[in-house]
1. Does the chain classify as rounded, prolate or oblate by the C-alpha gyration tensor (a ≥ b ≥ c root eigenvalues; a/c under 1.5 gives rounded; else a/b over b/c gives prolate, otherwise oblate)?
2. Going by average Cβ neighbours within 10 Å, how do the peptides 110-122, 177-189 rank, with the highest at the top?
3. Rounded to a whole number, what % of the accessible area of the chain do carbon and sulfur atoms account for, probe 1.4 Å?
4. What does the accessible area per residue of the chain come to in Å², with a 1.4 Å probe and no ligands, DNA or RNA counted?
5. Roughly how many Å is it from the Cα centre of segment 1-52 to that of segment 152-192, as a whole number?
6. Given contacts defined as C-alpha pairs under 8 Å and at least six residues apart, what's the relative contact order of segment 154-237, whole-number percent?
7. Could you order peptides 210-216, 76-82 by the average number of other Cβ atoms within 10 Å of their residues, highest first?
8. Taking R0 as 35 Å, what FRET efficiency do you get between Arg119 and Arg215 from their Cβ-Cβ distance, rounded to the nearest 0.05?
Amino acid sequence: MTIHVLLNQKGGVGKSTVAVNLAAVTADVLNQDDDPDATSPVAAVSVDPQGSAIWWADRLDNLPFHVVQAHDDLNGLRQLGQLPGIRHVYVDTPGWIDLNAADDTSDPLGRGPAADALRTVLEVADHVIVPMETEPLSFDPTARTIRKILEPRGIPYTVVINNWDPRDGKLDLEETKDFVRANKWPLAKTVIRHYKLHARASADGLVVTEYPANRVALQAREDFYRLALELRIDGGR
Ligand SMILES: Nc1ncnc2c1ncn2[C@@H]1O[C@H](COP(=O)(O)OP(=O)(O)OP(=O)(O)O)[C@@H](O)[C@H]1O
Ligand SMILES: [Mg+2]
């Protein structure tokens, strides 16, 4: 069983999109579709008290993986690694983490129920995926997330560039990669490209495995399969 956590202090960088769609492609590979009694070995968990409602609310019962809303269930989060029959858990975290900027000696996650939920999730996390965008506004929050939350805890992580639009050219992409490399952070080779389809799908509650089989949709979907393969999603302990 592997617990993958999506984390970035910056809002809107694709934490929910990546969590849900990695869950979808993993379920696509691991679900026993020919056995009507089999349940999915994949779960998406949200510890975001707000965001996830929009995404998943209407589809809780018919997504190809389990969905758990657990922002106020610390005991449940502590036992995330023991969910029966589950092999992969993708945890979506809140849109905005208020890092305690001034004081480097105390826990920068601060106090309160959201901070407690996040701390608990990070205690059980096997791997953290840090999505970021190819824009300078995304650089500082990403650096803070890694330096203040992940490195002090020794949690393995991978930075994933999301929402890059090939029509914008490669300059921003290369600058972003250079920034990540200059910091010596592990960077996924897979870049999740910007497709309008993803934004539309999130509004409709669709996951990439449910996209129509046209060329653009297949390209949009491919990025998530590639990322899952690159992260050796089925190589967990
Ligand atoms: N690769 C992409 N292509 C197109 N749209 C995208 C892509 N990734 C994310 N989006 C869109 O950007 C918006 C923000 O994405 P998402 O909600 O996943 O980010 P988040 O980090 O979970 O945000 P929050 O911090 O608010 O929880 C959504 O409307 C989503 O559909
Ligand atoms: Mg979100």
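The values are calculated or read from the model by the stated rules, or taken from the named source; none is laboratory data. Computed from a predicted model, the values in this text were never measured in an experiment. When we count neighbours, we look across all protein chains shown, and the Cβ atoms used for this are built from the backbone with ideal geometry, even at glycine. Side chains included, ligands, DNA and RNA excluded: accessible areas come from the protein's heavy atoms. Shrake-Rupley method; radii C 1.70, N 1.55, O 1.52, S 1.80 Å.
1. Numbers: a/c = 1.65, a/b = 1.10, b/c = 1.51.
In terms of gyration-tensor shape, oblate.
2. By packing density, highest mean first, the sequence is 110-122, 177-189.
3. Looking at the chain in its full context, I get 50 percent from C and S.
4. Accessible area per residue, the chain: 49 Å².
5. Taking the Cα centre of segment 152-192 as reference, the centre of segment 1-52 is 21 Å away.
6. Numbers: 71 pairs, mean separation 25.5, N = 84.
Once divided by the residue count of segment 154-237, the mean separation gives 30 percent.
7. Taking the mean over residues of other Cβ atoms within 10 Å, the ranking is 76-82, 210-216.
8. 0.20
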